[in-house]
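The next block holds one structure in the form of structure tokens; read it before the comments.
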Amino acid sequence: MNLRQLYLTKNECYHVYKLQTPKSIMVHSTGANNPWLSRYIAPDDGLIGKNLYDNDWNRYHPGGRDIGPHTFVKGPDGKCTKCGGVQKCVSAFIGKLNDGTVATIQTLPWDCVSWHSGVGDIGNVDFISFEICEDDHKSSEYFNNVYKEAVELCAYLCRKFNIAPDYPNIICHSEGYKLGIASNHADVMHWFPKFGKSMDTFREDVKKQIEEEIMEEKWMEFINKLIDKTGKTEDEVIDALAHLIKYANVKEDEWEKEGTDYLYKESKLINTPRAANAPVHWGELGIVLKRLEKR
């Protein structure tokens, strides 16, 4: 994940700064063919790029003139009669930086209620919200990149705030509408299925991402313990473990009886006798390594 921070400090939502304890995540997409983060975020931090059309969300009411703080007076079209904008803001955007790489820009503190659901507090409070910048829906490369970034962002937020990565804790805008906590928008289900994805697959991918991150952290913790005990470098320890894994499952005539007898009878690193060519499972390998570590 390429997470950066640039708060929309001119937005009324930031000025109000209503505190929340994040419990859920709502995924949005912008509904416009413009993948560039500079369309929505300003000022340019040297990476986002410059908004050339003065229509970013870093203003009191996005979509309106940048006239500073003022009271929102709702006109018949739902827009502010003073500036022509609307009351909205999200916690983050995912899209392209000026150099074309995909990034996440956090635009509000996570503990700040964002204005994203279109129905008020019932769909705003305790939700972290983010928009994925859409393109023309023709690029699988762009979709895969922003999808991956969104999965990694949700995994990060789930772990940070102890959010279960399932329904209805992670939903999109269209799912929010079905639950009665968001306005009638189609995002993201007008886009994801075009590339073989849905919110169900998204939630599953978030779960997998969390599991992989936890496993990698535990693996590195184990490697660091071995480094401390052996005095070897990280590369030396990893090479030794890779060698062990590579040759753990070999033909019976290549496995000396002495080796299997040692594991079972002498060292008792395994409790049940196995054939020399029996496959070694990750769980079994973990137990052997754990018992070795304790010696």
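Some values worked out for this structure:
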{"read-out": "Relative exposure of LYS10, LYS138, LYS82, judged by other C-beta atoms within 10 Å (fewest first)", "value": "LYS138, LYS82, LYS10"}
{"read-out": "Under the Karplus curve 6.51 cos²θ - 1.76 cosθ + 1.60, θ = phi - 60°, whole-Hz ³J(HN,Hα) for region 197-207, x wherever Gly or Pro sits", "value": "10, 9, 6, 5, 5, 4, 5, 5, 5, 5, 4"}
{"read-out": "Relative exposure of TYR167, TYR53, judged by other C-beta atoms within 10 Å (fewest first)", "value": "TYR53, TYR167"}
{"read-out": "Region 78-192 shape via C-alpha gyration tensor axes, a/c threshold 1.5", "value": "rounded"}
{"read-out": "3J(HN,Hα) from dihedral phi, region 93-105, Karplus parametrisation 6.51/-1.76/1.60, rounded to Hz, x for glycine, proline", "value": "10, 10, x, 8, 6, 4, 8, x, 6, 8, 8, 10, 10"}
{"read-out": "Extension reserve of the ASP228-THR201 stretch, reckoned as 0.36 nm per residue once the Cα distance is removed", "value": "5.7 nm"}
{"read-out": "Cβ-based exposure ranking for ILE128, ILE25, in which fewest neighbours within 10 Å come first", "value": "ILE25, ILE128"}
{"read-out": "Residues with amide H under 5 Å from that of ILE170, placed H, sequence gap 5 or more", "value": "ILE25"}
{"read-out": "Per-residue ³J(HN,Hα) for region 158-170, Karplus 6.51 cos²θ - 1.76 cosθ + 1.60, θ = phi - 60°, Hz, x for Gly and Pro", "value": "4, 6, 5, 10, 6, 9, 5, x, 9, 7, x, 6, 10"}
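No lab work stands behind these numbers, since they all come straight from the coordinates. This one's a predicted model, so the numbers in the text were calculated from it and none came from an experiment. Because the Cβ atoms are built from the backbone with ideal geometry, glycine has one as well, and the counts that use them run over all protein chains shown.
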